[in-house]
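A short worksheet on the structure shown next.
The values are calculated or read from the model by the stated rules, or taken from the named source; none is laboratory data. Please read all numbers here as calculations on a predicted model, not as lab measurements. Please note: Cβ atoms are built from the backbone with ideal geometry, for glycine as well, and neighbour counts cover all protein chains shown. SASA here: full protein model, heavy atoms, side chains in, ligands and nucleic acids out. Shrake-Rupley method; radii C 1.70, N 1.55, O 1.52, S 1.80 Å.
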Amino acid sequence: MKDKRICIYISAYIANNLGDDMFVSTLCNHYPMVSFYIESPLKYSDAFRKLKNLTVLTACTETYYENLLRIIDFQVFIGGSLFMEPKSVNDIDKKFNNMLSRRLSTDIPCFIIGANFGEYTHSKFFELYQGWFETLNGICFRDVQSYKLFKKINNIIWAPDLIFSYKMPSIKFRDNNIVISPIYQTERTGLPSFLNNEYFDFLSIIAIRYLKMGFNIILAAFCITQLDDIACSEILIRIPSFLRKKVNIICYKSDIDNFLKNFLNAKYIIGTRFHSIILALKNKIPVFPIIYNLKTKNIIESYSFNGKYLDILSLSNANFEFVDLNRNENYVPDMSNLEKKAYLQYHFLNEAIINKMGEQI
């Protein structure tokens, strides 16, 4: 075989978001014999320093790009909400063209891993991406609903979220902790019109009830860039001062496994963040999902989750007893089959790598 490692360029959302950073880490660890390249702002690059087969590009010249194109074998778009319709119909073309511009070259085979499609309301948005998907070499969605939208295209399948295949750090015991993973209303694409104050009031009332029952509370910020830490602080200040000593805020900054060790040290997880729910399911921790986007509802249905959950726009319809039901009944669905099926996310890329290696013999 020729002495040339296969080289893959990763396109991902890089902003110290736990879920997206875990995607990149999972992909690189799955293929230790592959050389990966990714662009990242310098301030977010620490998350990838332990990945020996990943070169982080923080400042690229035009000449560097030209040289990079000569060695890249494949490009992979990896992430969850890659294809959400912008709030203004006038921005549909702009967003689509921006996605096209991220393609290194039409001569380089391109794959999509781990995404969902939508939400969307305009047929134009759907049709633009349908045409583009037909030109790609393989797509694996993470929910049944996205797959069904494009199932007539031969190069599309679905498999459970890639994080189900992540090798978790060892958790030797679980303290008497209730973990809450909140979001902050920043008006970004994909967020419904919920009110921060009502949402924080609701979560603080839930937290107070658990504190009075003798539990500790952990408020977990998955993405500081999207102000999760501010959300945690807003919940904290709504908790009476005499109870705050039993409340701890943890923020993901760059060390994935260190954050996970603290996050997973839980008896129950109340999760709004998408991957807080996935992590709970994978680690057999009872979870109460608060749905802020169709993507969460779709995975709940795709993965046959039969526990209680709540829409973020319907907080007034739920009381503490409802939120606590999944913990009180110790509802922990068996997701072991999803862990095995999650490796199908690599299906098309596996085939391409094997064929490429055959060419080098």
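Looking for whichever is at pLDDT 95 or above, under 20 Å from the mean Cα position of the chain (by Cα) and either surrounded by fewer than 15 Cβ atoms within 10 Å (Cβ to Cβ) or among the small types (Gly, Ala, Ser) (or both) here; the options are Ser336, Ser314, Ser302. Which one fits? Write out each step before concluding.
Working: Ser336 fails: at pLDDT 95 or above; Ser314 fails: under 20 Å from the mean Cα position of the chain (by Cα).
Exactly one of Ser336, Ser314, Ser302 is at pLDDT 95 or above, under 20 Å from the mean Cα position of the chain (by Cα) and either surrounded by fewer than 15 Cβ atoms within 10 Å (Cβ to Cβ) or among the small types (Gly, Ala, Ser) (or both), namely Ser302.
Residue-wise test of (1) of a type in the set (Ser, Thr, Tyr); (2) part of a loop (DSSP other than H, G, I, E, B); (3) free of Cβ contacts under 8 Å to residues at least 40 places away in the same chain; (4) over 21 Å from Phe274 (Cβ atoms).
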| position | (1), (2), (3), (4) |
| --- | --- |
| Asp93 | no, no, yes, yes |
| Thr106 | yes, yes, yes, yes |
| Ile112 | no, no, yes, no |
| Trp132 | no, no, yes, yes |
| Val179 | no, no, no, no |
| Gly190 | no, yes, no, no |
Among Leu100, Leu128, which is outside any strand (DSSP E or B), of a type outside the set (S, T, N, Q), surrounded by 16 or more Cβ atoms within 10 Å (Cβ to Cβ) and in contact with a helix residue (DSSP H, G or I) (Cβ under 9 Å, 6 or more places away or on another chain)?
Leu128
Lys52 passes all but one of the listed conditions (1) part of a helix (DSSP H, G or I); (2) of a type outside the set (Phe, Trp, Tyr); (3) over 24 Å from Gln130 (Cβ atoms); (4) modelled with pLDDT of 95 or more; the exception is number (1)
Of everything in the range 175-193 that's touching a helix residue (DSSP H, G or I) at 6+ places or on another chain (Cβ under 8 Å) and over 24 Å from Thr121 (Cβ atoms), which residue is surrounded by the fewest Cβ atoms within 10 Å (Cβ to Cβ)?
Tyr184
Pairs only if they're at least six apart or on different chains, beta carbon under 7 angstrom, first in the range 49-76 and hydrophobic (A, V, I, L, M, F, W, C), second surrounded by fewer than 13 Cβ atoms within 10 Å (Cβ to Cβ) and not in a strand (DSSP E or B); list them, first residue then second.
Leu69/Ser105
For the range 103-140, which positions are β-branched (Val, Ile, Thr) and within 17 Å of the chain's Cα centre (by Cα)?
Ile112, Ile113, Ile139
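Out of all the residues in the range 114-125, which are assigned to a loop (DSSP other than H, G, I, E, B) and surrounded by 15 or more Cβ atoms within 10 Å (Cβ to Cβ)?
Asn116, Gly118, Glu119, Tyr120
Go through the range 79-97 and give me each residue that's among the aromatic types (Phe, Trp, Tyr) and either in contact with a strand residue (DSSP E or B) (Cβ under 9 Å, 6 or more places away or on another chain) or surrounded by fewer than 16 Cβ atoms within 10 Å (Cβ to Cβ) (or both).
Answer for the range 79-97, where residues must be among the aromatic types (Phe, Trp, Tyr) and either in contact with a strand residue (DSSP E or B) (Cβ under 9 Å, 6 or more places away or on another chain) or surrounded by fewer than 16 Cβ atoms within 10 Å (Cβ to Cβ) (or both): just Phe83.
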Which residues, counting only those in the range 21-59, are of a type in the set (D, E, K, R) and either touching a strand residue (DSSP E or B) at 6+ places or on another chain (Cβ under 8 Å) or surrounded by fewer than 18 Cβ atoms within 10 Å (Cβ to Cβ) (or both)?
Glu39, Lys43, Asp46, Arg49, Lys50, Lys52
Consider only pairs whose beta carbons are under 7 Å apart and that are at least six residues apart or on different chains; among these, list those whose first residue lies in the range 254-279 and is without any contact (Cβ under 8 Å) to a residue 40 or more places away in the chain and whose second residue is part of a helix (DSSP H, G or I) and buried (at least 19 other Cβ atoms within 10 Å of the Cβ).
Ile277/Thr296
Taking Ile153, is it touching a Lys or Arg at 6+ places or on another chain (Cβ under 9 Å), under 30 Å from Asn337 (Cβ atoms), among the β-branched types (Val, Ile, Thr) and surrounded by fewer than 17 Cβ atoms within 10 Å (Cβ to Cβ)?
no
Of the candidates Lys167, Lys172, the one satisfying the condition of being part of a loop (DSSP other than H, G, I, E, B), of a type in the set (Lys, Arg), open to solvent by 10 Å² or more (accessible area, probe 1.4 Å) and within 18 Å of His275 (Cβ to Cβ) is Lys167
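Quick one: would you say Ile250 is of a type in the set (A, V, I, L, M), over 25 Å from the mean Cα position of the chain (by Cα) and not in a helix (DSSP H, G or I)?
Working: of a type in the set (A, V, I, L, M): yes; over 25 Å from the mean Cα position of the chain (by Cα): no; not in a helix (DSSP H, G or I): yes.
So Ile250 does not fit the description; no.
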If I ask for residues that are outside any helix (DSSP H, G or I) and of a type in the set (Val, Ile, Thr), which ones from the range 5-49 would you list?
Ile6, Ile8, Ile10, Ile14, Val34, Ile38
Complete set of residues in the range 194-242 that are open to solvent by less than 50 Å² (accessible area, probe 1.4 Å) and part of a loop (DSSP other than H, G, I, E, B)
Phe194, Gly214, Phe215, Phe222, Cys223, Ile239, Pro240
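For the range 339-361, how many residues meet the condition of being open to solvent by 70 Å² or more (accessible area, probe 1.4 Å) and not hydroxyl-bearing (Ser, Thr, Tyr)?
Result for the range 339-361: 8.
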